[in-house]
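A.B. asks: Below you will find the structure I want to go over with you.
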Amino acid sequence: MVLDSRPRSYRQQRPDVFGTGLLQRKGEKKKELRPYPFLSPSLSLESDSSSNQGQRVSLPSKAKCLPNLDSRPPSTPLPASQSPCSWMRRSESICAVNRRDRVRGQIRSASSLPHIPKAKVERAGNNRKSPCLLVALRPVNIEKEKERFFQSSFTYNPQFEYGEPIPETVLEKYRDASQQFLSQAIGIMNAVLEKYGTYESFEATNGGKLLTKSQIWSIIRKYMQKEGCSGEVVIELTEDLLSQAVMMVENSRPTLAINLSGARQNWLEGMLRHEIGTHYIRGVNNARQPWYSLEGRKQYGLKPANPTEEGLASLHSVLFRKQPFLWRAALLYYTIAQASHMAFSELFQDLERYVQDASVRWEYCVRAKRGQVDTSQPGCFSKDQVYLDGILRILRHRQSIDFPLLAALGKVSYEDVEQLKAFGVLENARIPHFMQDLERYMQQLDHIVATNCLSDQELEMLLPA
C-alpha cells in the first residue's frame, strides 16, 4: 500500500514560503526573534495525538525514584546518476527483519556510509545476495532454536547458524559492551516498575488501544501533511516485522514499513517523529550538504553521526508522551551489558525481573547475542547501546544545542554543529514541525529528564565535557 504515491517535491507543495521561516519562542516580541531564513515553516503546529493539544506540559514535582544501581572547502554537487534515495539508510532504531522474508528493501545503518547505491529489489523466492548487516546477523535457524529453547524450560543455550559470513571487523567493533550508563538504565526501568508494577501494565495504561488499518492511515496522512512530505515516502502496513517499524529503500524510494500489531493510539505519532521527523528529514537535508559523501565527511573532519542520530530520534519518539519513560533504550542498554558476561539462558532468566512475556524476552536476548554461534559463552553485539548513550549526551547538552540547525545540517553530530554552520547549505532546509515552537520543545526535554529520574547535576557528573 502506498500513501499518496505521487512523487512531488517539497518545493512544489509549498512554492511561496521558502526563505521566510522564522522560529520563535512563545512570549517573545517580534523584534527579538532569532531568524532562521533557511528553515521551511511547518504546515501545522498541532501537538501529536498523545498530548494535550494547545496546552503546555507542566513539569512534575520531584518524582519518586528508586536509588540507581576559514575558508570553505568546495561543495561537491550531487552526481546526476545518483538515485533520489541514495542518501537513505536504515534507522537503527528498529533492528527488525521481516519474519517471513517478504518484500524487503536494501537497509543500512544510520551511521554507515552516507550513500546507498540504487538497488534492484527482488521478491522472496528469487536468488539474491543481501548486503544488509542486520539480515546477515539474524540466525537462519532462529525458529528451530527458539522451539528447542522453550522446550528445555529455558535452560538450553541456542547454537545459531548464519546464512552469510559476518565480517570479523563488524563483530570486533561491537564486541565490547559499555557499563558507563548502566546505573541510569536500571534507574529508568526501576522508575517504571515503581509506578506501574510491570512494563506490560505501563504499556496498556499509556500506549492506548491498538489501531485499525484505517485509523493508522489517517494518522500517517495527517503527519505527512504536517511535515510537508506527502507523496515522498511509501508506507507499507505489515504483520511480519519483529518490531514497530523499519525504514528502508525499496525500488529506489524511501519506504516505511509499520507493524500493525504494535501500532498503538498514543504512540504511533512518536514512531513517525522518530522515522520521518528525524531520520528522513535529516537524511534529505544531508543529501544537499558538501559532506554528504564519505570523502566529504573526511574533508570536514566530522565525527560519526551516532550516537546523536539515534539519541535524537529516540527522544522524539517519547517527546509528547504524558509519561515519557525511556524504557526501551534503557532495557537494550542493560541487556547488552549483561550479555557481555552471561550465557543466553542466564541472560533470559536475568531479564525476567523486567520483562514477563517470554517471547519478548527471547527477542531481546537474540538482539544482544546476535553474531554469536555458541551462546553458552559470554558475549554481546553492543550496537543497541547507542540509543541510551545518545539520549543522555543530548539531554546533558540540551541547553547549548541549536536543535533546528542540528536538523538542517543533516546527519551530523551535535558536537560538529558549531563548526559546520558556516559551510552548510541551509537555504530551504527542512525542519521537523515539532521543533517550530522551541520553548515547548525544550519543556518536553526537561519533562523527559524529570520523568526518568535524571538530573542535570547527574548528567554533568557523567559527562563533564
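The values are calculated or read from the model by the stated rules, or taken from the named source; none is laboratory data. These numbers were taken from a predicted model, which means no experiment stands behind them. Don't worry about glycine lacking a Cβ; one is built from the backbone with ideal geometry, like all the others, and counts go over all protein chains shown. These accessible areas exclude ligands, DNA and RNA; they are computed on the full protein's heavy atoms, side chains included. Shrake-Rupley method; radii C 1.70, N 1.55, O 1.52, S 1.80 Å.
A.B. asks: Of all residues in the stretch 431-462, which are at pLDDT 95 or above and part of a loop (DSSP other than H, G, I, E, B)?
C.D. replies: I431, P432, N452, C453, L454, S455
A.B. asks: Now for a separate question. Could you list, in sequence order, the residues of the stretch 227-244 that are buried (at least 23 other Cβ atoms within 10 Å of the Cβ) and either part of a strand (DSSP E or B) or of a type in the set (K, R) (or both)?
C.D. replies: Within the stretch 227-244, no residue meets the criteria.
A.B. asks: Being touching a Phe, Trp or Tyr at 6+ places or on another chain (Cβ under 8 Å), part of a helix (DSSP H, G or I), within 14 Å of L171 (Cα to Cα) and among the charged types (D, E, K, R) is the requirement here; does R367 meet it?
C.D. replies: yes
A.B. asks: Tell me, which residue of the stretch 133-156 that is assigned to a loop (DSSP other than H, G, I, E, B) and surrounded by fewer than 20 Cβ atoms within 10 Å (Cβ to Cβ) is modelled with the lowest pLDDT?
C.D. replies: Residue satisfying both the conditions and the ranking: V140.
A.B. asks: Then there is this: If Q457 satisfies all but one of (1) open to solvent by 10 Å² or more (accessible area, probe 1.4 Å); (2) in contact with a Ser or Thr (Cβ under 9 Å, 6 or more places away or on another chain); (3) among the polar types (S, T, N, Q), what's the number of the condition it fails?
C.D. replies: Among (1) open to solvent by 10 Å² or more (accessible area, probe 1.4 Å); (2) in contact with a Ser or Thr (Cβ under 9 Å, 6 or more places away or on another chain); (3) among the polar types (S, T, N, Q), the lone unmet condition for Q457 is (2).
A.B. asks: Residue under question is R253, and the condition is that it be among the charged types (D, E, K, R) and surrounded by 17 or more Cβ atoms within 10 Å (Cβ to Cβ); does it hold?
C.D. replies: Criteria met by R253.
A.B. asks: Taking the stretch 163-182 only, how many residues are among the charged types (D, E, K, R), within 28 Å of L462 (Cα to Cα) and not in a loop (DSSP other than H, G, I, E, B)?
C.D. replies: 2
A.B. asks: Just one of the numbered conditions (1) out of contact with any helix residue (DSSP H, G or I) (no Cβ under 9 Å at 6 or more places or on another chain); (2) open to solvent by less than 20 Å² (accessible area, probe 1.4 Å) is not true of L405; which one?
C.D. replies: Looking at each condition in turn, L405 falls short on (1).
A.B. asks: Quick check, is A204 of a type in the set (A, V, I, L, M, F, W, C), part of a helix (DSSP H, G or I) and surrounded by fewer than 16 Cβ atoms within 10 Å (Cβ to Cβ)?
C.D. replies: Spelling it out, A204 is indeed of a type in the set (A, V, I, L, M, F, W, C), part of a helix (DSSP H, G or I) and surrounded by fewer than 16 Cβ atoms within 10 Å (Cβ to Cβ).
A.B. asks: Checking the structure you have, find out if any residue of the stretch 259-269 is open to solvent by 10 Å² or more (accessible area, probe 1.4 Å), more than 22 Å from M248 (Cβ to Cβ) and small (G, A, S).
C.D. replies: Scanning the stretch 259-269 turns up no residue that is open to solvent by 10 Å² or more (accessible area, probe 1.4 Å), more than 22 Å from M248 (Cβ to Cβ) and small (G, A, S).
A.B. asks: Can you tell me which residue in the stretch 337-384 is most open to solvent (accessible area, probe 1.4 Å), limited to those that are polar (S, T, N, Q) and within 23 Å of S183 (Cβ to Cβ)?
C.D. replies: Q349
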